[in-house]
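Here is the structure we will look at, set down as structure tokens.
The values are calculated or read from the model by the stated rules, or taken from the named source; none is laboratory data. All of these numbers come straight from a predicted model, not from anything done at the bench. Methodologically, a virtual Cβ is constructed for each residue, glycine included, from the backbone with ideal geometry; neighbour enumeration extends over all protein chains shown.
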Amino acid sequence: MDAFYASVEQRDNPQLHGKPVIVAWQSKRSVVCAASYEARSFGVHSAMPALQAERLCPAAIFVPPDFPRYREVSRSVREIFKRHTDLIEPLSLDEAYLDVTENKTGLATATLVARTIREQIRQELGLTASAGVAPNKFLAKLASDWRKPDGLFVIQPADIDGFLLPLPVGRIPGVGKVTGEKLANLGAQTVRDLRTLDLSVLDDHFGRYGRRLHELALGIDDSPVVPDRPTKSISVEDTFERDVLLADTETMIRSLAAKLWSVSRKESRTPRTVVLKLKTSEFKILTRSHTAGCPPSSSEELTDIALKLRDRVDLGPEQRYRLVGVGLSNFQEPDHIAAQPVLFE
């Protein structure tokens, strides 16, 4: 989906159409959840501090996020996908992989399926989507970003090298600043350069990820589209209006734990691990976790565990914190969970 949250806001409020819209709480501590393409032209992007976005685009209209509404629209998009295939792997509310090797509607090509889906989204939901069509997930992901917004880009098997080789290595998933610098030191600025590096060299410098880099440079990605991928973790977090001492985080932890418990009730699988996340005023992130055989049985028990995890944080009495989060992970089927001694007394 194109600028999904911002596009939903513009669709539902005609006064926002064509305006620079930033989905964020307009406060000193907020970050940008989404920005319309009108706002992006000023350099605004997701995860940017809201104050910085406001400086870059003084005329921007700030809209607080409405995640229940975005989830509802996302479900509507998913229903359109299901008309064409059941092999749908969601990545987020606004992005998914679809395997249309065989499609329900009998359309002759994957390109025609993509065109049809995009048109149905436009006609029925009043939104635009961009699609990438390719022989595998890696290439389809790259192609989906190629002609945004409202674009369609197709990579035929015979065109893979022509598309892939000139790309900078930073376009490969997982290649961030640090990995990019390591590759540059090895003489690999582009995918073409990366392809010339021996697999042994990549293994020495990147371990298991080295083989993945080698395969992606060749345009190889055998990972399947996995529908209904099991939940790995869920979490909620919030940023304080001002940096606070550790002792002052209790109210927020209680609020977040209650919210997380409510969200977790929708999961059929059971989490065994509770995670507490804190970000210091210096932006250092630290986590504490607790795993037990018996998962939390109530909101109160989850809150109690989160607060006890806080007691394991010791950065000094004067350390201040800007963010706190509570999460659940290590999801398992309920009948796989055996009773174990509780780790906290």
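For the reader, a short list of remarks on this structure follows.
- Among the residues listed as Asp193, Asp204, the single one being outside any loop (DSSP other than H, G, I, E, B), more than 26 Å from the chain's Cα centre (by Cα) and surrounded by 12 or more Cβ atoms within 10 Å (Cβ to Cβ): Asp193
- Verdict on Glu250 being out of contact with any Phe, Trp or Tyr (no Cβ under 7 Å at 6 or more places or on another chain), assigned by TED's automatic domain parsing to the domain that holds Lys308, surrounded by fewer than 16 Cβ atoms within 10 Å (Cβ to Cβ) and under 25 Å from Cys294 (Cα atoms): yes
Condition check ((1) surrounded by 11 or more Cβ atoms within 10 Å (Cβ to Cβ); (2) modelled with pLDDT of 85 or more; (3) of a type outside the set (Phe, Trp, Tyr)) across all residues:
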| site | (1), (2), (3) |
| --- | --- |
| Ala257 | yes, yes, yes |
| Val274 | yes, yes, yes |
| Lys277 | yes, yes, yes |
| Leu307 | yes, yes, yes |
| Gly316 | no, yes, yes |
| Ala339 | no, no, yes |
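- Among residues of region 1-20 that are buried (at least 23 other Cβ atoms within 10 Å of the Cβ), those with a Cβ under 9 angstrom from a residue that is at pLDDT below 95 and of a type in the set (Phe, Trp, Tyr), sequence gap 6+ or separate chain, pair up as Tyr5/Phe67; Tyr5/Tyr70; Val8/Tyr70.
- Condition check for Leu93: surrounded by 17 or more Cβ atoms within 10 Å (Cβ to Cβ), at pLDDT below 95 and among the hydrophobic types (A, V, I, L, M, F, W, C): yes
- Filtered residues of region 27-46 (kept if closer than 17 Å to Arg322 by Cα and among the aliphatic types (A, V, I, L, M)): Val31, Val32
- Looking at Lys141, Lys82, Lys104, just one residue is among the basic types (Lys, Arg), buried (at least 17 other Cβ atoms within 10 Å of the Cβ) and not assigned by TED's automatic domain parsing to the domain that holds Arg11, and that residue is Lys141.
- The residue that is surrounded by the most Cβ atoms within 10 Å (Cβ to Cβ), among those in region 24-41 that are over 16 Å from Arg11 (Cβ atoms) and among the polar types (S, T, N, Q), is Ser30.
- Among the residues of region 292-334, those identified as within 26 Å of Asp248 (Cβ to Cβ), assigned to a loop (DSSP other than H, G, I, E, B) and acidic (Asp, Glu) are Asp311, Asp314, Glu318.
- The listed residue being basic (Lys, Arg) and assigned to a helix (DSSP H, G or I), out of Arg211, Arg229: Arg211
- Of all the criteria given as (1) over 19 Å from the mean Cα position of the chain (by Cα); (2) outside the structural domain of Val100 (by TED's automatic domain parsing); (3) assigned to a helix (DSSP H, G or I), the one not satisfied by Gly43 is (3).
- Restricting region 282-293 to residues that are closer than 20 Å to Asp311 by Cβ and not charged (D, E, K, R), the residue that is surrounded by the fewest Cβ atoms within 10 Å (Cβ to Cβ): Ile285
- Any hit, region 216-223, residues being surrounded by fewer than 18 Cβ atoms within 10 Å (Cβ to Cβ) and hydrophobic (A, V, I, L, M, F, W, C): yes
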